[in-house]
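The values are calculated or read from the model by the stated rules, or taken from the named source; none is laboratory data. The model shown is predicted, which means the values in this text are computed figures rather than measured ones. Virtual Cβ from ideal backbone geometry, glycine too; neighbours counted across all protein chains shown. These accessible areas exclude ligands, DNA and RNA; they are computed on the full protein's heavy atoms, side chains included. Shrake-Rupley method; radii C 1.70, N 1.55, O 1.52, S 1.80 Å.
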Amino acid sequence: MINCDFHSHTNYSDGFLSPIELLDYAKSSGVKNLAITDHDTINALPQAQKYAQEIGLNLITGVEISASWRQYDIHIVGLNIDIKNPTLIQGLKRHQDFRAERAIKMARGLANAGIKNPYEKTLKFVKQGMITRTHFAQMLVNEGICKDIKTVFKRYLVGNLAGNVKGEWADITEVVHWINSAGGVAIIAHPTRYKMTHNKLKTLTQTFKNAGGKGIEIMTATTKSYEIEKMTHLALELDLVASSGSDYHGWDNSFVKMGRLKPLPSNIQAIWNYFDN
Ligand code: AMP
Ligand code: MN
Ligand code: MN
Ligand code: MN
């Protein structure tokens, strides 16, 4: 099987590595087909496409778009997208604007919780203009307020906690439309991370499919065997293609590495059959 990784982040969103560093790392890890899928931005891609060609790595254009479904924040990966498509660009712009507003509100919440100058301090961690909750988490770790990123999320950045602001993302149907308009393939990212019952996940997946969604991420760096089995079953039941991606962010203390994904089950249609290799 070809070594593929269809979910990764650069410092254009909340990854640590620059696009060039990420491509070098992917190549040296044995990855042959890579998708960069930054949160709500495709701005890393022109530079990445150029460099991928120079080093002979097959780069698939990608993005990970936040979406709303009922009270949940869902992530939809779009692969093989036309990065010049106006519908996609406009949609992402809307999310980028929301992120900028949300960051100001998050900072206000953190200031009320006693943290000094959270906005200014967090901006120091933002490398390419796009601000995420991860940047706030890095700041709070750096300030010595929490011991690691996971702890920050638990104490400040979810639910009704001081630093969280409810996501006002486009509806899942609309997000799938942006991806399809750009000629891409829409995939539900890390389906087992939403803390949903299986029935609810099935309803979500059905809604996604009715909207024109094509695939589901069966394999990530952290998916457990029983989850792989369950998601394979769901994909077969709803006739979805299977994707595989590490969700690599390049954080120092993470055990997630590139080039180490387990193969997809053989009874399922793999996404890479969609792309020219
Ligand atoms: P945002 O898109 O700005 O809401 O930030 C979401 C990002 O935060 C995700 O893509 C993850 O990278 C990160 N994240 C969310 N929850 C956690 C957690 N519990 N621990 C570490 N990182 C997390
Ligand atoms: Mn992230
Ligand atoms: Mn995600
Ligand atoms: Mn991701």
**Complete:** To the nearest 10 degrees, the tilt of helix 172-181 (Cα long axis) against the first principal axis of the alpha carbons of the chain is 60 degrees
**Message:** Quick check for me: using +1 on Lys/Arg Cβ and -1 on Asp/Glu Cβ, what's the dipole size of the chain about its Cα centre, in debye to the nearest 20?
**Reply:** 820 debye
**Request:** Could you pull out the pairs from 27/154; 195/257; 209/262; 84/202; 50/257; 154/200 whose alpha carbons sit more than 28 Å apart here?
**Result:** 27/154; 84/202
**Request:** Quick one: order 16, 275 from most to least accessible surface, probe 1.4 Å.
**Result:** 16, 275
**Item:** For the chain, with +1 on Lys and Arg beta carbons and -1 on Asp and Glu, the positive-most of 273, 141, 90 along the dipole
**Value:** 141
**Fill in**
Checking the range 180-242 for trypsin sites (Lys or Arg not before Pro) in a loop per DSSP with at most 14 other beta-carbon atoms within 10 Å yields 195, 224
**Request:** Enumerate the calculated ³J(HN,Hα) couplings along the range 160-167 in order (Karplus 6.51 cos²θ - 1.76 cosθ + 1.60, θ = phi - 60°), each rounded to whole Hz, writing x wherever the residue is Gly or Pro.
**Result:** 8, 5, 3, x, 9, 10, 4, x
**Charge-dipole axis of the range 74-120 as Lys and Arg at +1 and Asp and Glu at -1 on Cβ define it, positive-most pick from 78, 103, 113** = 113
**Request:** Using just the helices of the chain, give the 222 nm mean residue ellipticity in deg cm²/dmol: DSSP H runs with n ≥ 4 each add -39,500 (n - 2.57), and the total is spread over all residues, rounded to 500.
**Result:** -11500 deg cm²/dmol
**Prompt:** What shape does the range 98-143 have by the C-alpha gyration tensor, where a ≥ b ≥ c are the square roots of the eigenvalues, rounded means a/c under 1.5, and otherwise prolate means a/b greater than b/c and oblate the rest?
**Reply:** oblate
**Complete:** On the accessible surface of the chain, probed at 1.4 Å with all protein chains in place, carbon and sulfur together account for a percent value of 49 percent
**Asked** Taking only Cα atoms, what is the 0 to 90° angle, nearest 10, from helix 86-112's long axis to the longest principal axis of the chain?
**Response** 30 degrees
**Message:** Compute the angle between helix 133-142 and the longest alpha-carbon principal axis of the chain, please, reported from 0 to 90 degrees and rounded to the nearest 10.
**Reply:** 50 degrees
**Item:** Size of charge dipole - the range 56-187 - debye, nearest 20, with Cβ of Lys, Arg +1 and Asp, Glu -1, no other charges
**Value:** 540 debye
**Request:** Provide the solvent-accessible area of residue 63, counting protein heavy atoms only and rolling a 1.4 Å probe, rounded to the nearest 10 Å².
**Result:** 0 Å²
**Per residue solvent-accessible surface (Å²) - the chain, probe of 1.4 Å** = 46 Å²
**Message:** How many angstrom lie between the Cα centre of the range 202-232 and the Cα centre of the range 38-60?
**Reply:** 26 Å
**Message:** Can you compute the charge dipole magnitude of the range 185-277 about its Cα centre, using +1 on each Lys and Arg Cβ and -1 on each Asp and Glu Cβ, nothing else charged? Give it in debye, rounded to the nearest 20.
**Reply:** 260 debye
